[in-house]
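Student: Okay, handing you the structure first.
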Amino acid sequence: MSEQYNIRPMRFTDIEQVLVVEQDSFQMPWTSKAFVNELVKNPFAHYFVADDGRDIIGYCGIWIVMEEAHITNIAVLSGYRHQGVGQSLVKAMIEQSFKLGVQTITLEVRETNTRAQQFYRQFGFRKIDVEKGYYTDNNEDAWIMSLTFD
Ligand SMILES: CC(C)(COP(=O)(O)OP(=O)(O)OC[C@H]1O[C@@H](n2cnc3c(N)ncnc32)[C@H](O)[C@@H]1OP(=O)(O)O)[C@@H](O)C(=O)NCCC(=O)NCCS
């Protein structure tokens, strides 16, 4: 359980702990190289972590290109879920998008990940399309969900 945490931009030195969250959360976890590329080489990437002062307990990332944004990933360490950490991370991405003039945020989510779909709905994300066989590990379809600012 974490009483207090801070949402802040991800730093290079966070990657080792972010990998722990990643491996705890996904069937096809990203490698350290993927995070390094995002932080160092991708000018459109904005990554945030939830830091409880000792550990990184969650992270998220979004690409922002002009008026469009795309959430690449969000994960919270399993022992820290259902306490609002994920909501805080999504709020940070929405705020950053709004600040930079984004009109639409999109994301992909596994068809079977009904919890995450429900999680995104509370912010106003809606299913707009399906990408057939998007996930190569099991050929699962992705739902494309999107949120548009008025
Ligand atoms: C999706 C994910 C990031 C959500 O993170 P989280 O920190 O658990 O999110 P929150 O705590 O903000 O919200 C989760 C639930 O807890 C509830 N909750 C939030 N604060 C709470 C609190 N203080 N007490 C009790 N419940 C609470 C929310 O209402 C929400 O309910 P729901 O699951 O019925 O929608 C997390 O489940 C995760 O890492 N999953 C694995 C990776 C994944 O699937 N990522 C998405 C890929 S598209």
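The values are calculated or read from the model by the stated rules, or taken from the named source; none is laboratory data. Just so we're clear, the structure is a prediction, and the values are computed from it rather than from any experiment. We place every Cβ from the backbone using ideal geometry, glycine too, and count neighbours over all the protein chains shown. Surface accessibility is based on the protein's heavy atoms, side chains included, excluding ligands, DNA and RNA. Shrake-Rupley method; radii C 1.70, N 1.55, O 1.52, S 1.80 Å.
Student: Tell me which residues, restricted to the stretch 17-51, are of a type outside the set (S, T, N, Q), farther than 30 Å from G101 by Cα and assigned to a loop (DSSP other than H, G, I, E, B).
Tutor: Hits for the stretch 17-51 are F26, M28, P29.
Student: Please find, among K99, K132, the residue that is surrounded by fewer than 13 Cβ atoms within 10 Å (Cβ to Cβ) and in contact with an Asp or Glu (Cβ under 7 Å, 6 or more places away or on another chain).
Tutor: Matching residue, one of K99, K132: K132.
Student: Follow-up. Looking only at residues in the stretch 106-130 that are of a type outside the set (F, W, Y) and under 12 Å from the mean Cα position of the chain (by Cα), which one is farthest from the ligand (Cβ to nearest atom)? Full working, then the answer.
Tutor: The initial filter retains those residues of the stretch 106-130 that are of a type outside the set (F, W, Y), namely 106-118, 121-122, 124, 126-130.
Filter again for under 12 Å from the mean Cα position of the chain (by Cα), leaving 106-109, 116.
Numbers: T106: 12, L107: 6, E108: 7, V109: 4, A116: 4 Å.
Per the stated criteria, the residue is T106.
Student: From G84, G61, grab the single residue that is at pLDDT 95 or above and either at positive phi or more than 12 Å from the chain's Cα centre (by Cα) (or both).
Tutor: Going through G84, G61 in turn, just one is at pLDDT 95 or above and either at positive phi or more than 12 Å from the chain's Cα centre (by Cα) (or both): G84.
Student: For the stretch 8-40, which residues satisfy the criterion of being under 19 Å from G86 (Cα atoms), touching a residue at least 40 places away in the same chain (Cβ under 8 Å) and within 16 Å of the ligand (Cβ to nearest atom)?
Tutor: If the condition is that a residue be under 19 Å from G86 (Cα atoms), touching a residue at least 40 places away in the same chain (Cβ under 8 Å) and within 16 Å of the ligand (Cβ to nearest atom), then M10, V18, V20, V21, E22, D24, S25, F26, Q27, W30 are the ones that fit.
Student: Follow-up question, since we're still on this one. Here are the criteria: (1) within 13 Å of the ligand (Cβ to nearest atom); (2) touching a helix residue (DSSP H, G or I) at 6+ places or on another chain (Cβ under 8 Å); (3) part of a strand (DSSP E or B). Tell me which single one H70 does not satisfy.
Tutor: Checking H70 against (1) within 13 Å of the ligand (Cβ to nearest atom); (2) touching a helix residue (DSSP H, G or I) at 6+ places or on another chain (Cβ under 8 Å); (3) part of a strand (DSSP E or B), the one that fails is (2).
Student: Regarding I105, is this residue closer than 15 Å to M10 by Cβ, among the β-branched types (V, I, T), open to solvent by less than 30 Å² (accessible area, probe 1.4 Å) and touching a residue at least 40 places away in the same chain (Cβ under 8 Å)? Before the answer, list the steps.
Tutor: On the way: closer than 15 Å to M10 by Cβ: no; among the β-branched types (V, I, T): yes; open to solvent by less than 30 Å² (accessible area, probe 1.4 Å): yes; touching a residue at least 40 places away in the same chain (Cβ under 8 Å): yes.
So I105 does not fit the description; no.
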